[in-house]
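Since the structure comes first, as structure tokens, the remarks are kept for the end.
The values are calculated or read from the model by the stated rules, or taken from the named source; none is laboratory data. Every value quoted in this text rests on a predicted model; they were computed, and no experiment measured them. Don't worry about glycine lacking a Cβ; one is built from the backbone with ideal geometry, like all the others, and counts go over all protein chains shown.
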């Protein structure tokens, strides 16, 4: 008899089969869950459904929600999220229309905190329950932060637990997306601080490698220093998080700060840098390519 | 009065709420959609009883637990499976004032330990959900030791393993039987009946 798996026999809905959706589908089916899926690209969905005995493809988002314990939504924009949840069109009803009273809808994408909160309100008015639980690349197999009520989290917990090593209740709805946004704001500014530090070192006649080696075990050491620092030293800007993604994340963070009524000068300056790189057609390079602009600005001012 | 330098916490209903009713109230519904308390009570006294669940606290895995019980009530197989599959729904949340007090004591330098009647698998899951269950100096879980409170032996195990002195350790638990066992071994004790009285006791002992 094969060893029992944590999600044997449980049914979960999944909307969106991009990179995030596929990774989530793989982890959940590995744990034995039965998936009901829908994605815009019907051919892709059909191929997946044929290939996997635990995956059933549904004709519209509504049907994904009908026979499942909850629906996870992994789409790539706030607009797409609104469509797949609320769409009233005859040929494509949204998830909300199939979700039973007290049913769960979980935003696992990278939605703006204000958007996820406003969708949560609309869903609540229909007697359904919303959670936000962004499953980013680092959250997959790492820590997933959830916004919503404790009881709703308890219900979705076994599924999220299969996706991350830690599943933390961050606070009321919107908290998961807010944490993700704060994390991205911090990360962006760490990359900028690192680029400036490397530029300062170079201007002082210090090799990048010497600086990185010296700081590896210091208070500023860590994943950003070792990964982005290495990339900056080697001018290796393929793969990983792109400038385009970071520009969008920085804008989400600025919007969050604006709606919270606080002014963050470091963040504003940092966001300007990503926008400059984006305008300079560096959008598809890794965020570590900020070093180019910062190193150039030094030469420019000489 | 002796100074207290360590606190030994029970987990369920001291740091987190736990009650199987929370889960079965969402399963057994009356026609108007509210919880059917009568059927909830029947199920928890006739099918998934505490005498049965205690075997999990004594080390039996959820799979074995379910495999033992389903043949006795095959018509309720799905409801029995839900007991461990949806275990987290029995825990509506943390008892926030106690979590805050625990953190405050730890920060003040008091050594904080745990002693819980909990199954190994379900405790692992619960720790992943509640991060404050990961910062005990050490924790004894009944399921791993195959004995449980109020057996004096499990208290003795804590004394030996943690190197604590009962007279200088405050034990907090919501079960009178557990408190009696601990008291007989010399522990300072508090029978938990809500955060207010407990925090008052902690203040009186200068722990917070």
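Residue B:33 fulfils the conditions (1) surrounded by fewer than 16 Cβ atoms within 10 Å (Cβ to Cβ); (2) away from every other protein chain (no Cβ under 14 Å); (3) in a loop (DSSP other than H, G, I, E, B) except for a single criterion, (2). Counting residues in region A:139-150 that are surrounded by fewer than 23 Cβ atoms within 10 Å (Cβ to Cβ), over 19 Å from residue B:134 (Cβ atoms), more than 9 Å from every other protein chain (Cβ to nearest Cβ) and touching a residue at least 60 places away in the same chain (Cβ under 8 Å) gives one or more.
Just to be sure, is residue B:136 surrounded by 16 or more Cβ atoms within 10 Å (Cβ to Cβ) and either assigned by TED's automatic domain parsing to the domain that holds residue B:13 or not in a helix (DSSP H, G or I) (or both)? The answer is yes for residue B:136. Taking the condition within 12 Å of chain B (Cβ to nearest Cβ), at pLDDT below 95 and under 18 Å from the mean Cα position of the chain (by Cα), does residue A:170 pass? Yes; evaluated as a whole, the condition is true for this residue. Considering every residue within region A:75-90, establish whether at least one is closer than 30 Å to residue A:224 by Cα and either within 14 Å of chain B (Cβ to nearest Cβ) or in contact (Cβ under 8 Å) with a residue 60 or more places away in the chain (or both). Within region A:75-90, one or more residues are closer than 30 Å to residue A:224 by Cα and either within 14 Å of chain B (Cβ to nearest Cβ) or in contact (Cβ under 8 Å) with a residue 60 or more places away in the chain (or both). Does residue B:163 count as more than 14 Å from chain A (Cβ to nearest Cβ) and loosely packed, with under 14 Cβ neighbours inside 10 Å? It is true that residue B:163 is more than 14 Å from chain A (Cβ to nearest Cβ) and loosely packed, with under 14 Cβ neighbours inside 10 Å.
For region A:45-68, the condition holds for no residue, the condition being that it is within 14 Å of chain B (Cβ to nearest Cβ) and out of contact with any strand residue (DSSP E or B) (no Cβ under 6 Å at 6 or more places or on another chain).
Considering region A:195-214, the residues that are free of Cβ contacts under 8 Å to residues at least 12 places away in the same chain and part of a helix (DSSP H, G or I) include one that is surrounded by the most Cβ atoms within 10 Å (Cβ to Cβ), namely A:201. Summed over region A:101-138, residues that are closer than 28 Å to residue A:248 by Cα, assigned to a loop (DSSP other than H, G, I, E, B) and more than 13 Å from chain B (Cβ to nearest Cβ) total 10.
With the structure loaded, tell me whether residue A:162 is within 14 Å of another protein chain (Cβ to nearest Cβ) and in contact (Cβ under 8 Å) with a residue 60 or more places away in the chain or whether it fails that test.
So residue A:162 fits the description; yes.
Within region A:177-194, does at least one residue satisfy the condition of being within 18 Å of residue B:130 (Cα to Cα) and either part of a helix (DSSP H, G or I) or in contact with a strand residue (DSSP E or B) (Cβ under 7 Å, 6 or more places away or on another chain) (or both)? Quick ask: steps written out before the conclusion?
Of region A:177-194, the ones within 18 Å of residue B:130 (Cα to Cα) are A:179.
Okay, now just the ones that are also either part of a helix (DSSP H, G or I) or in contact with a strand residue (DSSP E or B) (Cβ under 7 Å, 6 or more places away or on another chain) (or both), so A:179.
For region A:177-194, residues within 18 Å of residue B:130 (Cα to Cα) and either part of a helix (DSSP H, G or I) or in contact with a strand residue (DSSP E or B) (Cβ under 7 Å, 6 or more places away or on another chain) (or both): present.
Checked against the criterion of being surrounded by fewer than 16 Cβ atoms within 10 Å (Cβ to Cβ) and outside any loop (DSSP other than H, G, I, E, B), region B:5-18 has no qualifying residue. Tell me which residues, restricted to region A:64-88, are over 23 Å from the mean Cα position of the chain (by Cα) and crowded, with 20+ Cβ neighbours inside 10 Å. The answer is A:68, and nothing else.
In region B:42-130, which helices (runs of 4 or more DSSP H) lie fully inside it and hold 1 or more residues that are away from chain A (no Cβ under 14 Å) and surrounded by 20 or more Cβ atoms within 10 Å (Cβ to Cβ)?
Because the criterion is at least 1 residues that are away from chain A (no Cβ under 14 Å) and surrounded by 20 or more Cβ atoms within 10 Å (Cβ to Cβ), the helices (runs of 4 or more DSSP H) in region B:42-130 that meet it are B:50-57, B:62-69, B:96-107.
Within region A:9-17, at least one residue is assigned to a loop (DSSP other than H, G, I, E, B) and more than 14 Å from every other protein chain (Cβ to nearest Cβ). For residue A:229, are the conditions met, namely being buried (at least 16 other Cβ atoms within 10 Å of the Cβ) and closer than 20 Å to residue A:293 by Cα? So residue A:229 passes the test. Against the test of being in contact with a strand residue (DSSP E or B) (Cβ under 9 Å, 6 or more places away or on another chain), modelled with pLDDT of 95 or more and closer than 24 Å to residue B:97 by Cβ, the options B:172, B:159 yield a single qualifying residue, B:172. Exactly one residue among A:259, A:226 is assigned to a helix (DSSP H, G or I), in contact with a helix residue (DSSP H, G or I) (Cβ under 9 Å, 6 or more places away or on another chain), farther than 30 Å from residue A:106 by Cα and in contact (Cβ under 8 Å) with a residue 12 or more places away in the chain, and that residue is A:226. Would you say residue A:221 is under 30 Å from residue A:72 (Cα atoms) and surrounded by fewer than 20 Cβ atoms within 10 Å (Cβ to Cβ)? Spelling it out, it is not the case that residue A:221 is under 30 Å from residue A:72 (Cα atoms) and surrounded by fewer than 20 Cβ atoms within 10 Å (Cβ to Cβ). For region B:131-151, residues that are within 22 Å of residue A:142 (Cβ to Cβ) and more than 10 Å from chain A (Cβ to nearest Cβ) total 3. Considering only region B:65-75, I want to know if a residue exists there that is touching a residue at least 12 places away in the same chain (Cβ under 8 Å) and more than 28 Å from residue B:151 (Cα to Cα). Yes - at least one qualifying residue is present in region B:65-75.
From the list B:152, B:166, which one is farther than 30 Å from residue A:159 by Cβ and free of Cβ contacts under 8 Å to residues at least 24 places away in the same chain?
B:166
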